[in-house]
Amino acid sequence: MNVALAKTDTGSALEAALAAARERLPAGGKVADIRRQALDAYERTGLPHRRIEDWKYTDLRVLMREVLPLAAAPDAAVLKRAEAALKTAAIEGTRRLVLVDGAFAPGLSETNGLEKGVSIRSLREALDGGDGALQAQLFSLDTSNPMVALNSAMLTDGVVIEIADGTVLSRPLHVVHIAAGAAASSMFTRSLLRLGKNASATLVESYVAADGTRTYQAHDSLVIAIGDHSRLDHVRLVEDAADAVNISSSAVTLGAHAHFNIFGMASGAAVSRYQATIAFAGEGSRVETNGVNLLRGRQHADTTLLMDHAVPNCASREVFRAVIDDSAHSVFQGRIIVRPDAQKTDAKMMTRALLLSDDAEADNKPELEIFADDVTCGHGATSGALDESLLFYLRARGLPEKDAQALLIQAFVGEAIESIANDALRDLAEATAGRWLRARA
Amino acid sequence: MSLLEVKNLQVRVEDREILHGLSLTVNPGEVHAIMGPNGSGKSTLSHVIAGKPGYEVTGGEILFKGENLLEMAPDERAAKGVFLAFQYPVEIPGVATMNFLRTALNAQRKARGESEYSTPDFLKKVREVAKSLNIPQDMLKRGVNVGFSGGEKKRNEILQMALFEPSLCILDEMDSGLDIDALRIAADGVNALRSPDRAMVVITHYQRLLNYIVPDFVHVMSKGRVVKSGGKELALELEESGYARFEDAA
Ligand SMILES: Nc1ncnc2c1ncn2[C@@H]1O[C@H](COP(=O)(O)OP(=O)(O)OP(=O)(O)O)[C@@H](O)[C@H]1O
Ligand SMILES: [Mg+2]
């Protein structure tokens with residue numbers, strides 16, 4: 001160790017956190033090295049700030065200021081509060097897998113009677129298994145993103161889901177991230193979903209807090225691998241507490257003739273960032289990403305997507321809608337790369353922001369980097385207030401102002417919500433949007 | 001008491017005066033026709049009565065059932081019984097017609113302190129009205145006016161009018177864009193709503209509509225004023241001679 005290197009206060013706090021995280025997730029020598037290197041990578045930049053291009057609109061030094069201390073392993077009281085939170089967070093008809101303050105909670109999870117071809121383990125169990133390929137996959141996330149590096153260094157647990165070839169899972173899996181501790185703290189999780197060939201599944205992830213848990217940071221990461229001819233539907237609902245920070249990253253790879261449909265909605269958390277890289281590794285695959293931000297007060301939510309078309313004949317669609325009230329701030333950064341081999345790529349991206357107040361802010365940064373010539377690519381963006389003539393029509397029919405606005409806002413986000421294939425999950429997203437709108441009135 | 005009293009109304013849009021002291025009195029049970037050349041201010045009058053933002057009333061007043069209409073929000077006016085069938089109904093993508101109709105109807109009822117319609121009662125009522133106006137059910141499943149033809153939009157306006165049962169119906173060029181059969185059906189729909197305690201203000205360019213919806217009074221508007229009022233024969237006169245003579249009078 002280089003003793004000459006002066007450590008900042010944050011640095012030594014992080015060292016302590018790393019030591020604690022290691023204790024929480026003891027794993028073989030190699031993992032320890034990876035975590036050490038990840039921490040070093042993180043410390044080279046620290047919290048990303050606006051002079052780092054990718055973080056231009058989301059300056060974590062301003063928005064987050066510091067990394068909170070690592071959450072303690074949940075005790076009985078914390079688990080009890082988490083259980084209470086599940087009463088509203090649980091989704092009927094799904095298989096629940098619960099992470100409380102960054103630790104897998106077997107007692108709150110449904111791991112019995114797994115369908116044939118499905119394996120579910122905690123990250124801790126999976127690492128103990130000593131499977132080198134799995135380990136490599138778990139740590140395949142790009143640590144040039146400082147927040148991924150930090151996550152890699154600090155992670156304490158997660159869920160590892162493997163679905164075998166030919167398995168059609170009709171019951172959606174629901175990974176619930178619950179913050180339930182009393183002290184202001186950070187939790188670091190990493191999960192993995194490996195979908196074999198000719199398989200299909202639906203994964204829901206939601207982020208919530210137990211009653212009374214307000215200030216925390218949820219640092220999550222997810223690795224998804226979708227095999228040939230397989231389909232994954234993914235729904236993410238960020239409903240964190242009003243003072244919380246949610247920093248999530250994911251890396252998705254698709255085999256050939258695969259289909260990935262993701263819908264994300266952020267209505268909670270003071271600050272949230274979802275950064276995903278979606279890579280096409282096989283021909284004939286399709287990705288639909290749909291996102292909705294519902295923001296008010298001083299909320300800040302950032303969605304940063306990289307669609308990486310490396311092979312021919314793939315299609316991607318990105319639809320993003322932001323509804324921004326008060327002095328909230330919504331960011332969408334969409335980068336599409338079409339590599340030289342990726343002929344016949346069909347990639348489109350459309351973002352629309354609805355500004356409900358003069359102080360509301362929407363930033364939209366589309367980037368197209370196209371290195372193949374026979375492609376169809378496009379992007380579009382609009383930003384503006386509700387259409388006055390539509391509002392007047394509704395009011396002339398008897399709808400009070402807020403109700404008229406609510407109806408138009410619901411229609412505005414409806415287009416993205418409609419993309420959810422599962423009826424129950426679509427209803428759930430609609431209900432969440434409805435709750436947000438009612439809270440406005 | 002008169003249902004609607006417009007007294008010496010002066011209205012500006014973007015610093016330009018459009019209505020220059022317009023007066024009009026409508027009593028329950030009456031049907032008034034307003035005719036007048038393009039740009040004479042007919043739609044402006046209807047918008048100001050309905051409460052559309054963007055118009056500045058610089059003089060005069062509008063009383064509805066004796067109350068100051070200009071102080072009410074558009075939705076309050078609707079709940080009190082003002083209905084405007086728009087000359088150009090807007091399309092509202094993503095808002096299903098049925099959902100819109102139910103939300104609007106129940107909002108009006110709530111504002112009046114009445115109970116909301118139950119779903120079966122509501123559906124029954126909409127189906128009845130739609131059937132009488134020859135509006136196919138699948139049109140009601142689409143977004144409000146989305147992809148509707150001009151004539152279909154107009155019929156959708158009449159449908160709403162029948163559903164909301166307002167006491168003042170203002171029809172701004174409901175005949176434009178309607179084919180002959182549709183015109184008859186729509187006019188029948190309007191006539192079915194005629195009643196001793198409901199009044200209609202029918203804005204049109206064509207005498208033909210007034211053969212179907214026979215007015216008690218006809219007013220000629222020109223350059224932001226009512227320049228002539230008379231009985232239904234005035235419409236025939238206009239058809240013969242055009243507006244030129246009245247424009248001079250303005
Ligand atoms: N928002 C506006 N801004 C500027 N001028 C306006 C606006 N709305 C109406 N006007 C003007 O006011 C005048 C009256 O318009 P209005 O639509 O009331 O006429 P109209 O009698 O309904 O005509 P038409 O028979 O063509 O429907 C026109 O000269 C029009 O250009
Ligand atoms: Mg007009």
Enumeration of residues in region A:202-225 that are without any contact (Cβ under 8 Å) to a residue 40 or more places away in the chain and part of a strand (DSSP E or B): A:Glu205, A:Leu222, A:Ile224
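Just one of B:Met72, B:Met35, B:Met1 is of a type outside the set (Val, Ile, Thr), more than 8 Å from ligand 1 (Cβ to nearest atom) and under 28 Å from A:Leu390 (Cβ atoms); which is it?
It is B:Met72.
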Members of region B:113-124 found to be in a helix (DSSP H, G or I) and surrounded by 16 or more Cβ atoms within 10 Å (Cβ to Cβ), listed by number: B:Phe122
Looking at (1) in a loop (DSSP other than H, G, I, E, B); (2) more than 23 Å from A:Arg397 (Cα to Cα); (3) touching a residue at least 12 places away in the same chain (Cβ under 8 Å), which is the only condition B:Asn8 fails? (1)
Within region B:54-71, take every residue that is touching a helix residue (DSSP H, G or I) at 6+ places or on another chain (Cβ under 7 Å) and hydrophobic (A, V, I, L, M, F, W, C) and give me the one that is surrounded by the most Cβ atoms within 10 Å (Cβ to Cβ). B:Ile62
Identify the residue in region A:407-435 that is more than 12 Å from every other protein chain (Cβ to nearest Cβ) and among the polar types (S, T, N, Q) and, among all such residues, is most open to solvent (accessible area, probe 1.4 Å). A:Asn422
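For region B:181-250, which strands (runs of 3 or more DSSP E) that fit wholly inside it have 2 or more residues that are open to solvent by 20 Å² or more (accessible area, probe 1.4 Å)?
Details: elements: B:199-203, B:217-222, B:225-230.
Here the list reads B:225-230.
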Given the conditions (1) among the aliphatic types (A, V, I, L, M); (2) buried (at least 19 other Cβ atoms within 10 Å of the Cβ); (3) assigned to a loop (DSSP other than H, G, I, E, B), and given that A:Ala72 satisfies all but one, which numbered condition is not satisfied? (2)
Testing A:Asp220 on (1) open to solvent by 10 Å² or more (accessible area, probe 1.4 Å); (2) among the acidic types (Asp, Glu); (3) farther than 19 Å from A:Ser330 by Cα, one condition comes back false. Which one is that? (1)
Can you find a residue in region B:171-179 that is within 14 Å of chain A (Cβ to nearest Cβ), in contact (Cβ under 8 Å) with a residue 12 or more places away in the chain, within 16 Å of ligand 2 (Cβ to nearest atom) and not in a helix (DSSP H, G or I)? yes
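Name every residue in region B:36-53 that is touching a helix residue (DSSP H, G or I) at 6+ places or on another chain (Cβ under 6 Å), within 16 Å of ligand 2 (Cβ to nearest atom) and outside any helix (DSSP H, G or I), in order of residue number. Even if it seems obvious, please write down each step before you answer.
At the first step, the residues of region B:36-53 found to be touching a helix residue (DSSP H, G or I) at 6+ places or on another chain (Cβ under 6 Å) are B:36, B:50-52.
From what's left, within 16 Å of ligand 2 (Cβ to nearest atom): B:36, B:50, B:52.
Hits for region B:36-53 are B:Gly36, B:Lys52.
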Filter result for A:Arg438 (open to solvent by 50 Å² or more (accessible area, probe 1.4 Å) and within 14 Å of chain B (Cβ to nearest Cβ)): yes
Determine the pairs where a residue that is surrounded by fewer than 18 Cβ atoms within 10 Å (Cβ to Cβ), located within region B:96-112, has a partner that is among the hydrophobic types (A, V, I, L, M, F, W, C) with Cβ atoms under 6 Å apart, the partner being 6 or more residues away or on another chain. B:Met98/B:Leu140; B:Ala111/B:Ala79; B:Arg112/B:Ala79
Unmet criterion (only one of (1) within 14 Å of another protein chain (Cβ to nearest Cβ); (2) in contact with a strand residue (DSSP E or B) (Cβ under 6 Å, 6 or more places away or on another chain)) for A:Lys365: (1)
Cβ-Cβ under 7 Å pairs, at least 6 apart or on other chains, region B:34-45 side of a type in the set (D, E, K, R), far side assigned to a loop (DSSP other than H, G, I, E, B): B:Lys42/B:Gly36
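The values are calculated or read from the model by the stated rules, or taken from the named source; none is laboratory data. Keep in mind that this is a model prediction, so the values were computed, not measured. Heads up, the Cβs are rebuilt from the backbone with ideal geometry, glycines too, and the neighbour counts pull from every protein chain shown. When the accessible area is computed, the model is the full protein with side chains, heavy atoms only, and any ligands, DNA or RNA have been set aside. Shrake-Rupley method; radii C 1.70, N 1.55, O 1.52, S 1.80 Å.
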